[in-house]
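S.K.: Attaching a single structure in structure tokens format; questions to follow.
Rule-based calculations on the coordinates, nothing more; no lab input. Every value quoted in this text rests on a predicted model; they were computed, and no experiment measured them. Glycine gets a Cβ as well: all are built from the backbone with ideal geometry, and neighbour counts include every protein chain shown.
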Amino acid sequence: MTCLGTANVEVSFKLAEYRRRKPGKKFLKKMITTEKVVTVPYSLNYRLQGNIVFTLQKDKGKREEKSVNVVEIYQEFGGKVVTDAGGVLLTAEGTFEATTETSQEVELKEPDPDTTMKMIHNALLLNDSAKIVEEVRDRFALSKLLKVMFSKHVISEEELKTVSDQKLSVKESVDKLVLVLENAEPEKFLMFLDILQSEGYNELVKVLDPRGIYPDNVKHISNLSGVVDHYFVTKKEREVSNSLESSRGAILHGMPGSGKTQLAIKVAGDYARMHPHAVVWLLDGSSEEKLKDGIEKLQQRLDRGANVNDISMFQSNISRWKHCLLIINDLSPTVAIPHQLMRSSAKLIITTQDSFLCHEDVRSIPQEGFTEDEAVEFLSPQMPQGTPPEHVKELANLFSCLPLGLAAARASINTGSMTVAEYKRQLRGGRAAMEALMDREDRWLQKYYKPEQQDAARNIFAALQLAIDSLDDQCSPEAEKTCKVMLQQCAFLEPNKIPVLILKAALTSSPTIGSEAHFTERMRMFSLGSIDGEGIKRRLSIHGVTQMALRLQLEKEQQTTTCINRLLQILVKFFSKDTLYAEMYKFSVSLMPHVEAALKHADNLRAVCTEYPLMKARLLMVYGHLLIQKGSPALSEECLIEAEKLLLEFARIAGHSLYNNVQNPDNVIFYTQRYRYLQELYESLAGASQSLDDNFFQETVIRRVITKEHLTAVSDKLGTDDRITVALQNMVENFEPLTVEMYETLVGTDLAIPTETLKMTFLPELYVTILYTLGKALPNKDDEDPQGSNSGHLRQALVISALSTCAKVNKAMGAMFLVYFLVMTDILGNASIVKLRGEQNSLDKQKQDMNQMIKGLTTSQCYDFGVLANLGNIIVMNYCANLMKYCTIVAENAEEVDLIPMGQRMYGKMLELVGIESKAGNTPTKLTEYYITAGEFKFMTEELEEAAEMFRKAYRVELKREEYHPSIGDALLDLIYVHIKQNELRRARVCTRRLLQLAQDHWPESVTAAEGVLKGVCCKIVFRAPKRNQEEDKSNSIKVNAVNCDRVTTV
């Protein structure tokens, strides 16, 4: 045989199963089988020779054999025969095929997880596109689905237009959508499934969900547990999720119990669902040891062969994963994140109380708990049937809408079968009831913690107390816990806008320089409050639930009474009635809600300390004075009556109430023995004053805040460069209380009354101040009292009695004190008192008193609770205004024309001082009243243009206020009378309508009077219009339809 030609080899592969060599290696072993097919063409030459024997059978069964030579046979059939040595030569041609198999195990690089996921997703889409068409059904449903996909950024605007083309059928649109998803990232397909789930295509999701069929190379590394079963979705969730897309991640900062951890876990869980091949790892950042331990455990999971103590490999291990999210939970302000972690490619969600924390490309997101609407929505489904909505809202606000507190409260109400009202009673039922409630809530919370975290299972109050104790974790054990001491005062104040300045005064350690800045920094670091303003204008706002935690902690430590007593002493120092300057006025007004809250808590304790009635009387006196300044004298009367009662109670002469004795004008015994009564009252008060505890006297009377009036008086006497002036200036500017040493220095320079004298006159001066303020709270005239009582007479009696007592205080003090001048100026400006004194004194005597006052304003030193005060421009302005009132009253009633020039001088002096003070930035708080008084004086002297200008100025001043004061109504009313007198009736009508609108909006009790004024003006317009038109030879433009005393209708 001879072989000719070439061989062709064809190789085919048979798929083998994947087998992982080692964890973390991206190589696969495959068994590859090779088939070899060999094809060989051939040509075969051979020779046939010899005979062939045939057996023949005949018809009758006989057989016959015959031998024939092969050459003859080939020749017989006509074939071409090549003979060779008596034989036949033949050639055979063809092809030979052979197959062989060879098996070999080889290593191949596997597809990356994203490619694997994409292949599986595309296979599902192609296989089940018909199912998508079947479920979507119509174009409306498809259009809705596509819009949601566009809003979630699954498809672009251009892709939306392509897929939603109205010319396409539903099937064609679905085919195009499948094509878009095939070319998209794997995460887009998983987002598509979430959208299908949210839109109700549950069966379709079951068919398309690939998570159960991913191979081993698509897996995640995670130690996450799920969120609690009471987790509630809020708007913050979307914001945190977006931060993972637009930046490196988020820092969630907020107070304990605000839901930071659960929000972080929920977002991280969603991230893991969208990235099945990812690292999602929770680290405990509460201490450096726990953070390091968490990183070591993660390293061990990432590379089992790695040295867990070598953190330098962390960055390299993380970089092998395309998707990695690290959650650093409860990061302490004292713990630093390792720079290897920060330099890694991992995305971050950090939860912390530290609002100062920031990192590059990591968004800072405050987590303040639920909004009120979210809190109500969270609570409502599990509240007892029939719970009023307002009760649910009250419960939400009771816990400041913090998720931890609301979840535990909701569970307590359910498990205890309580109503909301019963739960609140137990919560406020004292320490024992509250601790029992907290223990029950702790047991409920423990089921949401892992065994190693059971010690952290805390209710909202325990969590807050832990944060409060951490404020001073940098202090030595023996040092004063300055931040905690300052914060404890907030337990009994209004929670919003607390001046940090008064909290600093609670510190006993010295020095306290920088304590305010340190306190605000630590408060922000632990998210226990928000701070507004700088320097002395710093204001702290905290949650009501933090106040509850503080009160519980104080009760445990048996410090409640001590804390309230200290707080009241602080408020007495800072709460001043000296409102002559806008700055001090605003500060005192800002303290009003805090004083009210502190007194409410103190009243609940009943016996805070021996001096409590005295401290409360002082606070109520200032509170009532500020109410008068704000235009609410009716509200101040109750405060001031109680202040007098408390002061007399403290002095143990409760039956000697001057207010009670002068209420009845027919009390003949009192009025005939008034001066003896006042003398006995003074002596009792002076005796009680001298018996005051020295320490209390120093803390609340000597060590009080002084104001610019005191500083000006010292500066005028010593000069601006004197060391005492400079020291006082620093105190005034920083609102720092006087020290005992500084007070003694002032005494030595005749700038303050000796301590012994002040201690004797303190209570009498306080009592006179209460009487004077109470007199200002009462209406001037009996006909101004809406209840028809004798308050006009009462006011007169109180002011005159106060003046009589002032003389005794002046004599004991050896000098004049401020309230004396205020009483005198009030008498000058009060018509009823002028008339009353006129009955007792001749007009000449009144003029003599007035001249003495003018002399006193320029020559006498004036003391305000022991410290020299400057009568200055403000008091002189007040005096000038009241003197103008006096001149107006006397001139109108007695026709004393010679008083008018004095009033004119006072008018010019007052306006001059107003200009000086306004330029200096000390706009008087009574500026409106001064302008109105000046206008009334000019009205009386028939100088109408100047009067109108004064009333307009008063109106403009009030328009700039944050809240409307009744003085704006007085200015408008006086301006109306000027316009009427000027025959400017239409202007009068405009002003009257404005007055009526103000009354309807702010003073309902004045609406009737305003309507009466408007009717009067309209009547004048109606009756005067025909005459005016006739004089001008015009046709009547106003037709009278009806006029009567009750109603005027015009067309």
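S.K.: 7 Å from Cα along Cα→Cβ at both Thr739 and Val68: what's the point-to-point distance in nm?
M.R.: Here the answer is 15.1 nm between the modelled labels.
S.K.: Per Stokes-Einstein, at 25 °C and 0.890 mPa s, what whole-number D in µm² s⁻¹ belongs to segment 172-304, with the Kirkwood radius over Cα pairs as the hydrodynamic radius? Provide the component values of the computation, followed by the final result.
M.R.: Details: Rh = 17.3 Å.
Answer, rounded: 141 µm²/s.
S.K.: Now a separate question. If you take the beta carbon distance between Ser691 and Gln559 as r and set R0 to 25 Å, what does 1/(1 + (r/R0)^6) give as a FRET efficiency, to the nearest 0.05? Could you put the intermediate results ahead of the total?
M.R.: Details: r = 28 Å, r/R0 = 1.12.
For Ser691 and Gln559, the calculated efficiency is 0.35.
S.K.: I'd like the distance between the alpha-carbon centres of segment 335-385 and segment 797-827, rounded to an integer number of Å.
M.R.: After rounding, the separation between the Cα centres reads 62 Å.
S.K.: Give me the extension gain from Asp750 to Arg137: residue separation times 0.36 nm, minus the current Cα-Cα distance, reported in nm with one decimal. The partial results should precede the final answer.
M.R.: Numbers: separation 613, 0.36 × 613 = 220.68 nm, distance 9.75 nm.
Net length gain for the segment: 210.9 nm.
S.K.: How large is the direction-averaged shadow of the alpha-carbon convex hull of segment 519-603, in nm²? Walk me through the intermediate numbers first.
M.R.: Numbers: hull surface 25.8 nm².
With the hull built on Cα positions only, its mean projection is 6.5 nm².
S.K.: Still on this structure, please answer the following. Once you place label points 7 Å from the Cα toward the Cβ at Phe356 and Val990, how far apart are they in nm?
M.R.: 5.8
S.K.: Mind checking segment 98-194 for trypsin sites (Lys or Arg not before Pro) that DSSP puts in a loop (not H, G, I, E or B) and that have at most 11 other Cβ atoms within 10 Å? The partial results should precede the final answer.
M.R.: Values: sites: Lys109, Lys118, Lys131, Arg137, Arg139, Lys144, Lys147, Lys152, Lys161, Lys167, Lys171, Lys176, Lys188; in loops: Arg137, Lys152, Lys167.
For trypsin sites (Lys or Arg not before Pro) across segment 98-194 that sit outside H, G, I, E and B with at most 11 neighbouring Cβ atoms in 10 Å, the list reads Arg137, Lys167.
S.K.: Related question: For an R0 of 56 angstrom, estimate the FRET efficiency from the Cβ-Cβ distance between Ser417 and Asp716 and round to the nearest 0.05. Walk me through the numbers on the way to the answer.
M.R.: Details: r = 72 Å, r/R0 = 1.29.
E(calc), rounded to 0.05, equals 0.20.
S.K.: Only counting other Cβ atoms within 10 Å, I'd like His323, His625 sorted with the fewest neighbours first. Write down the numbers at each step before the final one.
M.R.: Working: His323 20, His625 25.
Lowest count first: His323, His625.
S.K.: Same structure again: Kindly put Arg987, Arg343, Arg905 in sequence by how many other C-beta atoms sit within 10 Å of each C-beta, fewest to most. Don't skip to the answer; put the middle values down first.
M.R.: Numbers: Arg987 17, Arg343 11, Arg905 14.
By the 10 Å Cβ count, ascending: Arg343, Arg905, Arg987.
S.K.: Can you give the charge dipole size of segment 221-366 about its Cα centre, rounded to the nearest 20 debye, using +1 on the beta carbon of Lys and Arg and -1 on the beta carbon of Asp and Glu?
M.R.: Values: 17 positive and 16 negative charges, 87 e Å.
Charge dipole, segment 221-366, about its Cα centre: 420 debye, nearest 20.
S.K.: Given the pairs Lys717/Lys759; Lys292/Lys481; Lys577/Lys926, which span a C-alpha to C-alpha distance of over 20 angstrom in this model? Before the final figure, lay out the partial values.
M.R.: Values: Lys717/Lys759 25 Å; Lys292/Lys481 30 Å; Lys577/Lys926 14 Å.
Checking Cα-Cα distances, Lys717/Lys759; Lys292/Lys481 exceed 20 Å.
S.K.: Now for a separate question. What ranking of Cys639, Cys563 emerges when the number of other C-beta atoms within 10 Å of each C-beta is taken as an exposure proxy, fewest first?
M.R.: Numbers: Cys639 24, Cys563 21.
With the sparsest Cβ surroundings first, the list reads Cys563, Cys639.
S.K.: Can you flag which of Lys219/Lys297; Lys236/Lys600; Lys266/Lys290 are past 28 Å Cα-Cα? Please list the in-between numbers first.
M.R.: Working: Lys219/Lys297 18 Å; Lys236/Lys600 37 Å; Lys266/Lys290 22 Å.
Exceeds cut-off: Lys236/Lys600.
S.K.: Still on this model: If I take the Cα coordinates of segment 461-609 and project them onto the principal axes, what are the three extents in Å, biggest first?
M.R.: Largest first, segment 461-609 extends 45, 36, 28 Å along its Cα principal axes.
S.K.: Considering the options Phe378, Val420, Pro389, tell which one lies farthest towards the positive end of the dipole of segment 372-458, charges being +1 on Lys and Arg and -1 on Asp and Glu at the Cβ, about the Cα centre.
M.R.: Ranked along the dipole, the leading option is Val420.
S.K.: Taking the simple approach of a point 7 Å from Cα along Cα-to-Cβ for both Asp194 and Glu237, what is their distance in nm?
M.R.: 1.0
S.K.: Same structure again: Roughly how many debye, to the nearest 20, is the charge dipole of segment 466-551 about its Cα centre, given +1 on each Lys and Arg Cβ, -1 on each Asp and Glu Cβ, and no other charges?
M.R.: On the way: 10 positive and 10 negative charges, 59 e Å.
With Lys and Arg at +1 and Asp and Glu at -1, about 280 debye.
S.K.: Which three numbers, in whole Å and largest first, are the semi-axes of the equivalent ellipsoid of segment 113-208 derived from its Cα gyration tensor as √(5λ)? Each step should come with its number before you reach the end.
M.R.: On the way: eigenvalues 70, 44, 34 Å².
After scaling each eigenvalue by five and taking roots: 19, 15, 13 Å.
S.K.: A follow-up question, please. Convert each backbone phi in segment 232-243 into a coupling constant with the Karplus relation 6.51 cos²θ - 1.76 cosθ + 1.60 (shift: θ = phi - 60°), then list the ³J(HN,Hα) values in order as whole Hz, x for Gly and Pro.
M.R.: Each residue of segment 232-243 in turn: 10, 6, 10, 5, 4, 4, 5, 5, 5, 4, 4, 5 Hz.
S.K.: When the dipole is taken about the Cα centre of segment 948-1016, and only Lys, Arg (+1) and Asp, Glu (-1) are charged at their Cβ, what size is it in debye, to the nearest 20? Before the final figure, lay out each step's value.
M.R.: Values: 12 positive and 10 negative charges, 86 e Å.
Charge dipole, segment 948-1016, about its Cα centre: 420 debye, nearest 20.
S.K.: With just the Cα atoms defining each centre, how far is segment 172-204 from segment 951-1002? Give it in Å.
M.R.: 68
S.K.: Please give the FRET efficiency for Val726 paired with Glu480, using the beta carbon to beta carbon distance and R0 = 25 Å, rounded to the nearest 0.05. Could the numbers behind the result be given before it?
M.R.: Details: r = 29 Å, r/R0 = 1.17.
With a Förster radius of 25 Å, E is 0.30.
S.K.: Roughly speaking, what is the stretch gain from Ser225 to His339, that is 0.36 nm per residue apart minus the C-alpha to C-alpha distance, in nm to one decimal? Show your work: numbers first, answer last.
M.R.: Numbers: separation 114, 0.36 × 114 = 41.04 nm, distance 2.67 nm.
Value of the extension gain: 38.4 nm.
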